Structures are given as C-alpha cells and as structure tokens.
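Taken together, the values in this text are just the output of simple stated rules run on the coordinates, not laboratory data. None of these values were measured; they are calculated from a predicted model. Every residue, glycine among them, receives a Cβ derived from its backbone with ideal geometry; neighbour counts consider all protein chains shown.
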Amino acid sequence: MPARSAGALRCSGRRLAVALALLPAAAAAAPLRLTADVALDAHATVHVTATNDGAAPVEDVRPDVAWERATTAGEPLASLAAGASHTWAFALPPPPGPGTFAATIRATYRAGARTERAVVAEVVATPGAPPSPVEATLRVEPVAGYGTSRVTLDDRSDQPVVGRVVVLLGAELATEPESRAVQIAPRGRTEVPIDVRDVAAHPGDRLPITVLFEFEIEGVHHAVVRTAALPIADASRAPVRPLIVGAAALAVAVAIAAGAVARTRRGRAVAG
C-alpha cells in the first residue's frame, strides 16, 4: 500500500458526529490505549490519540491509518511518559461514495524489551448514510492458551449480503485467518468462529478484540464494528483442546498401522 506522512496536532475544528468503536482500557500487559475521531469536510481528517496507561514510559510510538486501500504513516514519537497523551492528525481523501467506511488505526511501540501493538477501528459515516441492514453480535470466551470467540451476522434485508470479516488484535494475541469472505442469505444468519491464540498475554489480562464487517448493497458501502475485552485465563488449567487430542490419536493410529504392516510382512516371510 502507498504510504503518506501526517504531522502531530491537538484535536480542534468542526467535527461530524460519527459512530465510535473504542477499545476498552488496556491491561498492564498493553499500556498504550488508542482512541480516534473523524471530521468530514473536503477531506476525512482522523485524529488519533495515544494514551500511556502504564506506570513507565513507552518508546518509539509509530501510528498508521489504513483507509481505502492505502496506509498513512504518522510521525514517530520518541517517548510517551506514563499518564501522558499525544495526538496525531491524518488528512485523508474523502469517502468514495455514500455509506459508512472503516479507518483502521494501529500503533507499534516499545514497552521495556517488548515490541507491542495497539489497534482501534473507527467508523466514518457520510451525511445521510442509511443504517446497516446487517446486525453484528460479538461473543467472547476466555483465552486459556486458546479460545474461540464468535461473531453473529444477521441480515435484515431481502437481499443476500457478501462481505468480509476482519479481526483486529494486539500483539499479545493472534488469529488465523485474520480476514475471510462471508455470505449471508436474505433474512438469514451466519456465525463466524474466531480462534484466538495467546502469544504473550498474562492470566488476568483483559485484552481487546475488534471485529470489522464490510460489505456493499444497492451501491451503498457499510462498515460494522464490534469491540469486546477478551479475558486471559491460566493455560495450565485449561482442558486439552480437541485438535491436540486429535493429533495424539492420529499418532497412535499411525503407530498401530505401522505395527500391523510389520507383522504382515513377517508373516509373509515365515510362510515363504
């Protein structure tokens, strides 16, 4: 994606009311919290604020905004003190048409020896944008090594909806795939499972998960965002996942099959 640069600026000026999708307060493992708002005029101006909720400074804060197939990089911030905030302004092209559009904001930073990532998604609405015909519900379950959350999409229209679900996580968690195509039948419902893996979280953390669903219907673009907090549990107390049990069973089956083949060969050798 092409990259542009944006300067730092404190929030000011006329703003259009937009639907916000803000991350919950981050846990101690992820001290940097992102918030964002948008002003629409000749451009889409995104104000991104990073707040250090931790007890120590964070360093090398590098924000960027993904918007309409391009990514705009903000000026790096060398250090952000504990309890301090900093705001960047990103001047972006206006939305290409009517509807709601998603701006995805990420920031990488260093907290001690770790490189971390914070993420937030902001929904930008053009004047007179119709409401989304798709309702989304995000249900989460604790992550104890692994966990499966689910997003349910309900199509309230009389037309099929084809779109894409994107999952946004911080650096402490991972999921595959991060993006997938989804189709919903008219007046239908689709449930999308989201398998989340613990990469560097700690028991007791509550870490954000943001799910974005984008689609187009009757020439109008729609973006639906849902955010929740994922509780992190102790993986040592979690039951063995079916995938692991299945792998063990497969190994046993292979060993049994190999033994059977060996016995058959020995039997043929004796008979010969």
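Here are the numbers:
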item: Extended-chain gain in nm, criterion 0.36 nm per residue less alpha-carbon gap, Glu216 and His202; result: 1.1 nm
item: Stretch gain in nm, segment Asp234-Glu141, where the contour uses 0.36 nm per residue and the Cα spacing is subtracted; result: 32.2 nm
item: For a label point 7 Å along the Cα-to-beta-carbon line of Ala73, residues of the stretch 109-126 with backbone N under 16 Å; result: 109-110
